[in-house]
Amino acid sequence: MSGGKCVQFSWASCVFAKPADRLRGSPPEDAPMAGLLTFSARTDAALRPHAFLPPAPEAVTSLGMSPTPVQNVSPQQQMLEFITSAWKTQLVATVARLGLADALAGGARSSDALAHEVKAHPDGLYRLLRGGVAIGLFEEKPPRTFSLTPLGACLRSSGPGAMADLAISQADRSHWLPWGQLHEAVRTGLPTTRQVLGADIWEHFAKHPEEATFFARAMGAFSAPLASDVVRAHDFSRYARVADVGGSQGILLAAVLRAFPGCRGVLFDLPHVIEGAREHLKAEGLADRTEVVGGSFFEPVLPAADAYLLKNILHDWDDASSIALLTQIRRAAPAGARLLVVEALIPEDGSPSSTALLDLNMLVLVGGRERTASEFKALLASAGWALERITPAGSLVSVIEARQHLSDNRG
């Protein structure tokens with residue numbers, strides 16, 4: 001971990017859907033995918049609505065993990081780096097918890113002054129800062145004076161590229177303890193949250209709102225740049241009404257409506273979630289163009305729309321649950337409606353990919369999974385959808401577009 005870039009240093013984080021009863025099923029068979037993965041050409045006219053959007057920060061749209069061996073490093077050295085990576089994750093999270101990046105934002109300070117400000121043991125904090133120097137977060141100048149590097153600045157609590165909430169969330173027990181039982185998830189095929197937390201992840205967050213707050217803020221930081229990537233990748237101008245299913249606070253829907261003034265939106269999520277969405281959309285000046293609807297997406301209460309967005313929802317669920325959700329959307333969708341699934345893809349050819357680590361994260365935490373393009377095609381077909389195209393949106397996700405199958409009888 002070096003240089004001036006912010007990188008995601010710990011286990012992959014994904015945006016999760018809301019709790020519902022888990023259903024389990026077997027994966028669909030692979031299907032041929034030739035020609036379906038396309039880099040869609042856009043005309044200048046189609047791109048104009050996107051022109052004002054800033055580029056997404058690389059740190060937030062890339063996992064920052066190299067799947068290939070490091071050059072000029074022995075296998076034993078690289079393995080040692082893997083084995084001790086947990087130390088770095090907790091070091092980084094502790095820097096974030098103590099607010100050290102914020103405390104150093106104004107310039108270099110002594111470790112004693114920092115210890116007094118953040119209410120830490122002077123020697124303990126000095127040793128933490130020294131560890132931060134070892135991984136590029138700080139620079140030290142005698143006597144015991146520290147300054148922030150561009151990498152360390154990523155651990156600010158707010159501002160562009162701030163990742164403090166993500167660092168804290170990944171090192172909290174909600175993520176740390178389940179990953180400690182990865183071997184059990186591999187043996188059973190089931191998440192380990194109930195085993196180590198005494199509850200599933202959503203029940204745990206309900207009992208521990210402080211952890212839930214860090215998690216929600218971290219996911220919000222991811223959602224904004226991903227939303228910018230999505231509206232660059234897909235032309236929403238052809239839709240009059242877009243429904244964001246499981247849309248949480250409405251960050252993606254707001255980005256769509258800002259970029260495409262001719263669209264109206266519907267945000268659908270659980271009743272206890274939509275009040276926050278209502279507030280966010282009002283603050284964005286979009287309340288008059290949006291409808292906010294509460295309900296479970298596993299029940300037949302979904303609104304009618306020309307396009308249905310599912311961003312980082314299906315990876316929370318096994319195949320049976322995903323098919324149930326996709327079927328509910330198909331039944332609610334008017335003729336000609338499109339389904340837009342926004343997810344990371346595992347490469348078809350088995351090449352190394354950090355999405356495989358995302359997949360393990362979903363297994364451990366919620367029993368979900370990441371999928372290949374072929375697996376998405378089969379999953380969609382099982383629910384009456386025909387895959388039309390897949391368009392990369394930034395470096396992490398793709399927009400998977402599907403239409404209702406021609407033989408759809410609404411059953």
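Quick notes
- Qualifying residue in the range 343-354 (condition: under 15 Å from the mean Cα position of the chain (by Cα) and modelled with pLDDT under 95): yes
- Any chance ALA386 is surrounded by fewer than 20 Cβ atoms within 10 Å (Cβ to Cβ) and in contact with a His (Cβ under 8 Å, 6 or more places away or on another chain): yes
- The range 178-202 - residue that is surrounded by 19 or more Cβ atoms within 10 Å (Cβ to Cβ) and among the polar types (S, T, N, Q) and, of those, farthest from ALA212 (Cα to Cα): THR192
- Evaluation of LEU257 against (1) touching a strand residue (DSSP E or B) at 6+ places or on another chain (Cβ under 6 Å); (2) modelled with pLDDT of 95 or more; (3) in a helix (DSSP H, G or I); (4) surrounded by fewer than 23 Cβ atoms within 10 Å (Cβ to Cβ) (one fails), failing number: (4)
- Among the residues making up the range 63-90, those that are among the small types (Gly, Ala, Ser) and either at pLDDT below 95 or over 23 Å from the mean Cα position of the chain (by Cα) (or both) are GLY64, SER66, SER74.
- Any hit, the range 144-155, residues being surrounded by fewer than 15 Cβ atoms within 10 Å (Cβ to Cβ) and touching a residue at least 12 places away in the same chain (Cβ under 8 Å): yes
- Any pair with Cβ under 9 angstrom, 6 or more apart, that starts in the range 341-361 at a residue that is in the same structural domain as ALA373 (by TED's automatic domain parsing) and ends at one that is of a type in the set (Phe, Trp, Tyr) and in a helix (DSSP H, G or I): VAL341/PHE376; GLU343/PHE376; LEU345/PHE376; LEU360/TRP179; ASN361/TRP179
- Residues of the range 112-168 satisfying the condition of being in a loop (DSSP other than H, G, I, E, B) and within 23 Å of the chain's Cα centre (by Cα): CYS154, LEU155, ARG156, SER157, SER158, GLY159, PRO160, GLY161, ALA162, MET163
- Any hit, the range 228-235, residues being surrounded by fewer than 21 Cβ atoms within 10 Å (Cβ to Cβ), closer than 30 Å to VAL364 by Cβ and at pLDDT 95 or above: yes
- Given (1) more than 22 Å from the chain's Cα centre (by Cα); (2) modelled with pLDDT of 95 or more, index of the condition ASN361 fails: (1)
- For the range 287-319, filtering for residues that are more than 22 Å from the chain's Cα centre (by Cα), of a type in the set (Gly, Ala, Ser) and modelled with pLDDT of 95 or more leaves 3.
To keep it simple, each residue is scored yes or no on (1) outside the structural domain of ILE251 (by TED's automatic domain parsing); (2) in contact (Cβ under 8 Å) with a residue 60 or more places away in the chain; (3) more than 13 Å from the chain's Cα centre (by Cα).
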residue	(1), (2), (3)
TRP179	no, yes, yes
LEU190	no, yes, yes
GLN195	no, no, yes
GLU203	no, yes, yes
HIS208	no, no, yes
ALA212	no, no, yes
GLY220	no, no, no
SER228	no, yes, yes
VAL231	no, yes, yes
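- The residues of the range 194-229 that are more than 20 Å from VAL273 (Cβ to Cβ) and either in contact with a helix residue (DSSP H, G or I) (Cβ under 7 Å, 6 or more places away or on another chain) or aliphatic (A, V, I, L, M) (or both), listed by number, are GLN195, VAL196, LEU197, PRO225, SER228, ASP229.
- Total residues in the range 260-290, condition over 20 Å from ALA307 (Cβ atoms), part of a helix (DSSP H, G or I) and not acidic (Asp, Glu): 9
The values are calculated or read from the model by the stated rules, or taken from the named source; none is laboratory data. A quick note: this is a predicted structure, and the numbers were derived from the prediction, not measured. Here the Cβ is made from the backbone with ideal geometry for all residues, glycine too, and neighbour counts use every protein chain on show.
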